[in-house]
1. How many lysine pairs in region 216-319, separated by 8 or more positions in sequence or lying on different chains, have Cα atoms less than 17 Å apart?
2. For the peptides 126-132, 14-20, 184-190, 50-56, what is the packing order when you average, over each peptide's residues, the other Cβ atoms within 10 Å and list the highest mean first?
3. How large is the charge dipole for region 3-211, taken about the Cα centre, if only the Cβ atoms of Lys, Arg (+1) and Asp, Glu (-1) carry charge, to the nearest 20 debye?
4. Based on the Cβ-Cβ distance from LYS298 to THR139, what FRET efficiency comes out when R0 is 45 Å, to the nearest 0.05?
5. Can you sort GLU236, GLU31 so the residue with the fewest Cβ neighbours within 10 Å comes first?
6. Give me the number: length gained by fully extending LYS101 to ASN67, i.e. 0.36 nm times residue separation minus the C-alpha to C-alpha distance, one decimal in nm.
7. If you wrap the chain's Cα atoms in a convex hull and average its projection over all directions, what's the area in nm²?
8. Below 8 Å, C-alpha to C-alpha, sequence gap of six or more: please give me the relative contact order for region 216-319 in percent.
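The numbers here are math on the coordinates, done by the rules we state, and not lab data. Owing to the predicted nature of the structure, the values given are computational and were not obtained by experimental measurement. Cβ: placed from backbone, ideal geometry, glycine included. Neighbour counts: every protein chain shown.
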Amino acid sequence: MKLSITLPTYNVSQYIVKCIRSIENQDISKEEYELIFIDDESPDNSVEIIKEQQKIYPNIRLVSKKNGGASSARNYGIQYATGDYIWFFDPDDYIEHNVLKRLLDEAYDKKLDLLSFNIYSVFDNGYEEIGFNPEFQPTSIISGETYIRDYELGCSLWFYIVKKNIIVNNNLTFTDGIRFDDTEFTLRLFKYINRMTFSNIRVYNYVGRIGSITKTINEKQILHMIHSWQYIIDNESKIFGDNSPYSKAATIWVNNHKVNGLCVLLFNRLSFPTKKEEYNRFKEIGAFKIGKTKFYDKKHKVLSRVMRYSWIYYILMHLYRIKKIMYL
């Protein structure tokens, strides 16, 4: 039993040593897991740092490719992974001490296709936030279909380890060039999961930075988010357009994605002609056909009802056209 941890490497030199030390500070043999760093032509000295760490830790591998973004790097890493399980990791985050043995033992003993666990968001001001409420996560072994139907879906790549052969045998890859690629990938992945569960232990620490959250995003970034959601909504509507039990369950999350995409357009400052153009694109792909959703906060529950009426949404665009309101 072996775990492959893949890490795209781009402009992370100031964080990568802490990341590596956290993964290496574990209670299992180095032969039982590997770290695969994908050099995506990073302009900083991340590669030099990794090479120095390779002298200390023999289970670190480094592969290089032409720059193509995080999704491309993750796809590249899958090809080089030799483990039975794979974990998609970000190199500016870190994990808790002595958690890998417990995760691998549980995955192996229970013959799991996928094991999820709790993640925490940690900020530079000391604030921490738990990722998942255990009340909304499974305690028994269930299928991926049951999970997306009955529980709070975790889409972040970091919150699970998954059998590599499920990804490879079903030709699952990340979509290049879009934001929220983990959201789109994970909903497709769970279709092929027969045995999974949730371990309510703190494993992964996602590093959030106050400055990066509060900074104003520019028009190019806003449009990239909008176009990403448009792609995801359009693609998922086609993939899950049949009447299979999994597609019926997945459609609820597609409806969530519709609301998320429409929120980006509504609550960000763009010229009105640009907003109108993107609004028409959302109409074309059926984004306003919003059925049952799975939001747990009151604000998004209300929005999901309001946004079913494209004419009300259009009026709201007028009301917000002169206001600068941050994305929800």
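1. Close lysine pairs found across region 216-319: 22.
2. Numbers: 126-132: 12.6, 14-20: 18.1, 184-190: 21.9, 50-56: 14.7.
Packing proxy ranking, top to bottom: 184-190, 14-20, 50-56, 126-132.
3. Details: 22 positive and 31 negative charges, 97 e Å.
The dipole of region 3-211 has a size of about 460 debye.
4. Details: r = 27 Å, r/R0 = 0.59.
E(calc), rounded to 0.05, equals 0.95.
5. Details: GLU236 22, GLU31 9.
Going from least to most buried by this count: GLU31, GLU236.
6. 8.9 nm
7. Details: hull surface 67.1 nm².
Over every viewing direction, the Cα hull of the chain projects on average to 16.8 nm².
8. Working: 91 pairs, mean separation 29.7, N = 104.
So the answer I get is 29 percent.
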